[in-house]
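Below: one structure, written as structure tokens.
The values are calculated or read from the model by the stated rules, or taken from the named source; none is laboratory data. What you see is a predicted model, and the numbers here were worked out from it, not measured in a lab. FYI the Cβ positions are ideal-geometry reconstructions off the backbone, even for glycines, and counts take in every protein chain you see.
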Amino acid sequence: MILSDQRILEAIHQGHILIEPFDRQCLGTNSYDVHLGRYLSVYSSRILDAKVDNPVEELTIPSEGLVLQPGTLYLGVTEEYTETHHHVPFLEGKSSVGRLGIDIHATAGKGDVGFCNTWTLEISCTQPVRVYAGMPIGQLIYFEVAGEIEQMYHSKKNAKYTTRTVKPVPSQMWRNSF
């Protein structure tokens, strides 16, 4: 079941959901709008290797915006830091962003119960498009969980994305054993 605006507010007041900064005007009927942070990263190499820590080049979006190019994966980050202690958060793109040909995630739209951080975005575009820091980029939708949680994400020994950051986090696949 997806939480309504009133249920999201209740969960915030109960400490089950945290959104910083929180702006009541960003609360939709059953979602919360998140915004593009000012930092992006692009991988330094055009060939990525899942077994190594691939280096990235960091970019800062200037006030006049930054033009994204097709064929490049941009790692972005939300301005909002979130914590979700009793619900499953899903991040989806806003329709207005999609209508500009921007995808904000390739595969990582679902968070885990206990995820506490900003959201790294896997941004790609179908044609050149100018983006701006602070623009609405996506929306968080919260689902109820059936049953008790044995171990929250942020307390798992092998959780890779737990260090609080304002910058996008590159793939940590290289930390897996395979």
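Can you name every one of the strands (runs of 3 or more DSSP E) wholly within segment 40-89 that holds 2 or more residues which are without any contact (Cβ under 8 Å) to a residue 60 or more places away in the chain?
56-60
Are any residues in segment 125-150 modelled with pLDDT of 95 or more and surrounded by fewer than 18 Cβ atoms within 10 Å (Cβ to Cβ), and if so, which ones?
Pass one, segment 125-150, residues modelled with pLDDT of 95 or more: 125-143.
Within segment 125-150, T126, Q127, P128, V129, R130, Y132, G134, M135, P136, F143 meet the criteria.
Read through the list (1) under 23 Å from A50 (Cα atoms); (2) buried (at least 17 other Cβ atoms within 10 Å of the Cβ); (3) aromatic (F, W, Y); (4) touching a residue at least 60 places away in the same chain (Cβ under 8 Å), then give the number of the only condition that Y161 fails.
Going through the list (1) under 23 Å from A50 (Cα atoms); (2) buried (at least 17 other Cβ atoms within 10 Å of the Cβ); (3) aromatic (F, W, Y); (4) touching a residue at least 60 places away in the same chain (Cβ under 8 Å), Y161 breaks only (4).
Which condition number in (1) among the small types (G, A, S); (2) touching an Asp or Glu at 6+ places or on another chain (Cβ under 8 Å); (3) farther than 27 Å from I2 by Cβ is the one that A50 fails?
It fails just one condition, (2).
Among the residues of segment 40-54, are any surrounded by 10 or more Cβ atoms within 10 Å (Cβ to Cβ) and touching a Cys at 6+ places or on another chain (Cβ under 7 Å)?
No; the residues of segment 40-54 include none that is surrounded by 10 or more Cβ atoms within 10 Å (Cβ to Cβ) and touching a Cys at 6+ places or on another chain (Cβ under 7 Å).
Does A108 qualify as being surrounded by fewer than 16 Cβ atoms within 10 Å (Cβ to Cβ), of a type in the set (A, V, I, L, M, F, W, C) and free of Cβ contacts under 8 Å to residues at least 12 places away in the same chain? First the steps, then the outcome.
Working: surrounded by fewer than 16 Cβ atoms within 10 Å (Cβ to Cβ): yes; of a type in the set (A, V, I, L, M, F, W, C): yes; free of Cβ contacts under 8 Å to residues at least 12 places away in the same chain: no.
Answer is no for this residue.
When segment 92-138 is examined, which residues are found to be in contact with a Lys or Arg (Cβ under 8 Å, 6 or more places away or on another chain), within 22 Å of S171 (Cα to Cα) and in a strand (DSSP E or B)?
Residues satisfying the conditions are C116, N117, I137, G138.
In segment 18-33, what count of residues is obtained for those that are part of a strand (DSSP E or B), farther than 15 Å from C116 by Cα and within 16 Å of the chain's Cα centre (by Cα)? Talk me through it step by step, then tell me what you get.
Step one: of segment 18-33, the residues part of a strand (DSSP E or B) are 18-20, 27, 32-33.
From what's left, farther than 15 Å from C116 by Cα: 27, 32-33.
Still in the list and also within 16 Å of the chain's Cα centre (by Cα): 32-33.
Count: 2.
Which of the residues belonging to segment 5-32 are surrounded by 15 or more Cβ atoms within 10 Å (Cβ to Cβ) and within 19 Å of A146 (Cβ to Cβ)?
R7, I8, A11, H16, I17, N30 - these are the residues of segment 5-32 that are surrounded by 15 or more Cβ atoms within 10 Å (Cβ to Cβ) and within 19 Å of A146 (Cβ to Cβ).
For M173, which of the numbered conditions (1) over 20 Å from C26 (Cα atoms); (2) modelled with pLDDT of 90 or more; (3) of a type in the set (A, V, I, L, M, F, W, C) fails to hold?
Among (1) over 20 Å from C26 (Cα atoms); (2) modelled with pLDDT of 90 or more; (3) of a type in the set (A, V, I, L, M, F, W, C), M173 violates only (2).
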